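Taken together, the values in this text are just the output of simple stated rules run on the coordinates, not laboratory data. All values derive from a computational prediction rather than experimental measurement. Please note: Cβ atoms are built from the backbone with ideal geometry, for glycine as well, and neighbour counts cover all protein chains shown.
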Amino acid sequence: MELLNEDLVMVLGSMCAGKSFELASYFAPLKLVNGVGWGLYQSARNTRDMNVWSRNGVELEAKKIESLEEVLKDGVAIAGIDEFHMFPESDIVYLKKILALKRQVIVSGLLTDYQGKMIGVVRAAMELGPSRVIMKRAVCSKCGSWSATYTQIEKDGVPILSGLPSVVPEDGRYRFLPVCPSCFIKK
């Protein structure tokens with residue numbers, strides 16, 4: 001079955017931009033259809049929630065996985081992968097194998113890390129030539145413009161500019177803010 005008539009769709013942007021909501025919009029209708037082999041997945045590194053969850057209240061059950069290899073092993077025809085940026089770049093080999101089997105994949109995640117650099121696994125997936133890339137923007141938490149494309153990480157109101165890994169789970173130690181290019185502070 002073809003859901004999209006596309007092989008790889010990427011939904012990217014900053015925090016609070018509606019990426020998970022966009023992903024859920026592809027899969028919520030499939031809950032009503034029998035015989036469609038699909039699955040929703042999320043990185044086990046995501047400690048914020050247990051399912052695909054959007055700040056606007058939409059939630060769909062997802063399987064927590066350590067590696068994209070588990071998606072390949074499950075053999076679903078249509079896979080949704082939330083928090084894609086939390087997977088290691090080395091997992092791109094499994095994404096290539098999934099796509100070579102003519103399966104459809106929709107991923108959602110951050111485009112850049114806290115320093116404004118494109119995240120490795122996202123860059124590697126972009127190099128595969130996705131059928132479509134959907135760029136989501138949020139409202140900037142600093143100036144209020146509808147152009148937030150970055151995620152600023154702060155501790156005690158001070159932007160953190162170095163010393164963190166590329167992927168930082170939301171575990172309560174830091175504050176994550178969507179910001180526009182003008183308000184984004186980088187090293």
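How high is the FRET efficiency from Gln115 to Lys31, r the C-beta distance, R0 22 Å, rounded to 0.05?
Efficiency, rounded to the nearest 0.05: 0.05.
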Above-threshold pairs, the threshold being 28 Å between Cα atoms, out of Lys73/Lys136; Lys117/Lys155; Lys31/Lys142; Lys31/Lys97; Lys64/Lys187; Lys31/Lys96
Lys73/Lys136; Lys31/Lys142; Lys64/Lys187
Extending each Cα 7 Å along its Cβ direction at Leu164 and Ser182, get the distance between those two points in nm, one decimal.
2.4
With springs connecting C-alpha atoms under 10 Å apart, model the chain as a Gaussian network and identify which of Ser43, Ser166, Ser131 has the largest mean-square fluctuation.
Ser131
Work out, step by step, the length gained on full extension between Glu61 and Ala100: first 0.36 nm times the residue separation, then minus their alpha carbon distance; give nm to one decimal.
11.4 nm
GNM top mover of Met86, Met126, Met15 - the chain, alpha-carbon springs below 10 Å
Met126
Of the candidates Leu177, Leu30, Ala44, the farthest towards the positive dipole end of the chain (Lys/Arg Cβ +1, Asp/Glu Cβ -1, centred on the Cα centre) is Leu177
With label points set 7 Å from each Cα along the Cα-to-Cβ direction at Arg132 and Ser90, the distance between them in nm comes to 3.4
Do the sum for the chain: with -39,500 (n - 2.57) for every DSSP H run of n ≥ 4, divided by all residues, what is the mean residue ellipticity at 222 nm, to the nearest 500 deg cm²/dmol?
-4500 deg cm²/dmol
Counting only DSSP beta bridges with both residues in the chain, what percent are antiparallel, rounded to the nearest 5?
30
Send over the Kirkwood Rh of the stretch 120-187, from the inverse of the averaged 1/r over different Cα pairs, rounded to one decimal Å.
13.6
Inter-site label distance for Glu70 and Lys155 at 7 Å from Cα along Cβ, in nm:
2.9
Where the only charges are on Cβ atoms (+1 Lys, Arg; -1 Asp, Glu), what is the dipole of the stretch 8-136 about its Cα centre, to the nearest 20 debye?
260
Of [x] 10, 38, 36, 14, 3, 0; [y] 9, 35, 40, 15, 1; [z] 8, 12, 11, 10, 9, 8, 7, 6, 6, 6, 5, 4, 3, 3, 2, 1, 0, which one was derived for P(r) over Cα pairs in 10 Å bins from 0, in percent from the structure shown?
[x]
